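For reference, the structure discussed in these notes is given below.
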Amino acid sequence: MSVRIGTRASKLAMAQAEKVSRMLQDLGEETDIICISTAGDEQTTVPLHEIGGQGVFVRALDEELITGKIDIAVHSMKDIPAERPKGVITSAILKRDSPADYLVTDLDLNDIKSIGTSSTRRTAQFKRYFPGVNIGPLRGNVDTRLSRLKNGNFDAIVLAHAGLQRLSLDLPGFIMDPEVHVPSTNQGTIAVVSRSDSDINELLKKTDDYETRVDTMLERVVMEEIGGGCFTPLGIYCKKQLMHIQVLSLEGDEEFRLDRKLTNPEDARDIGTEVKSDAGYLISEAYSRLGLK
């Protein structure tokens, strides 16, 4: 019987599901990829925080998983919210691809006048490091975003470098240093979700990357302690247990930075508490201005 792999229908999501499918096939399993529509895919003209935020790309797949219509779900790990349904676990975390943002443009950096992104984090970062550049809203799949760049709506757009790698897209532009433009929690990582009682979980352990799991789970501990998630200008990135955290004001004119080596999850909780104490006002201000509770 085939392993039923649930995924969103976008090209990028399909590429991620196909990667997991190949890994399972190499382990001797037959697979079947099933596409599932999510609220995030259906409503592309409004900011994510207005339609449910981080979980909008995940809930529909969780429901199909819980009801047994699929055996596993493949996600960009950064899309998975902190609170998970009972009985659903992250059974495998694949080796991390590039965590960096990528600025797609055929211009020199000094010639860029407008950048497209709907991420509050990316908006704040580019306002800070590229003062005077106009930042405009941009949502949709990779093709939609690239078409708006081609049509001249923007001089540059921001995409996840890992997504371009997975789609084998070689585009002109610039890789943003993840230690400066600190990425979203878990950016560049593919996660496989399953039911906690599933027979496939032992097999999925063979696809799990230990170093990536350690780093990304430390990131999530910090994120959960700080709060804010994808709604706020918050970057959290850990490599070989060296944690980088950046909290910005929405306009990018205020910044809090922390860079520290961790040894265990308790360190991560302590750092999260410290950041919340020292920079929580920036997160609260962002929530208030975005009309969030």
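The values are calculated or read from the model by the stated rules, or taken from the named source; none is laboratory data. As the structure is a computational prediction, the values presented were derived from the model and not from experiment. Cβ sites come from the backbone with ideal geometry, for glycine too, and all protein chains shown count toward neighbours.
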Exercise. If V221 satisfies every condition in (1) in contact with a strand residue (DSSP E or B) (Cβ under 7 Å, 6 or more places away or on another chain); (2) closer than 23 Å to F57 by Cα; (3) hydrophobic (A, V, I, L, M, F, W, C) but one, which is the exception?
Worked result: (1)
Exercise. Where residues in the range 121-140 are surrounded by fewer than 17 Cβ atoms within 10 Å (Cβ to Cβ) and within 18 Å of the chain's Cα centre (by Cα), which of them is modelled with the lowest pLDDT?
Worked result: G140
Exercise. Are any of the residues in the range 221-239 buried (at least 20 other Cβ atoms within 10 Å of the Cβ), in contact with a helix residue (DSSP H, G or I) (Cβ under 7 Å, 6 or more places away or on another chain) and without any contact (Cβ under 8 Å) to a residue 40 or more places away in the chain?
Worked result: yes
Problem set entry | Selection count, the range 4-26, where residues are among the aliphatic types (A, V, I, L, M), surrounded by fewer than 21 Cβ atoms within 10 Å (Cβ to Cβ) and not in a helix (DSSP H, G or I) | 1
Problem set entry | Checking N201 against (1) closer than 30 Å to I33 by Cβ; (2) at pLDDT 95 or above; (3) buried (at least 19 other Cβ atoms within 10 Å of the Cβ); (4) not assigned by TED's automatic domain parsing to the domain that holds G136, the condition it does not meet | (3)
Exercise. If we keep just the residues of the range 67-120 that are exposed (fewer than 14 other Cβ atoms within 10 Å of the Cβ) and of a type in the set (D, E), which is farthest from N186 (Cα to Cα)?
Worked result: D111
Exercise. Does the range 4-54 hold any residues that are among the hydrophobic types (A, V, I, L, M, F, W, C), over 24 Å from G68 (Cβ atoms) and modelled with pLDDT under 80, and which are they?
Worked result: V46, L48, I51
Exercise. Which is assigned by TED's automatic domain parsing to the domain that holds F256, of a type in the set (K, R) and closer than 30 Å to S2 by Cβ, of R166, R213?
Worked result: R213
For this session: May I ask you to verify whether D143 is at pLDDT 95 or above and among the charged types (D, E, K, R)?
Result: no
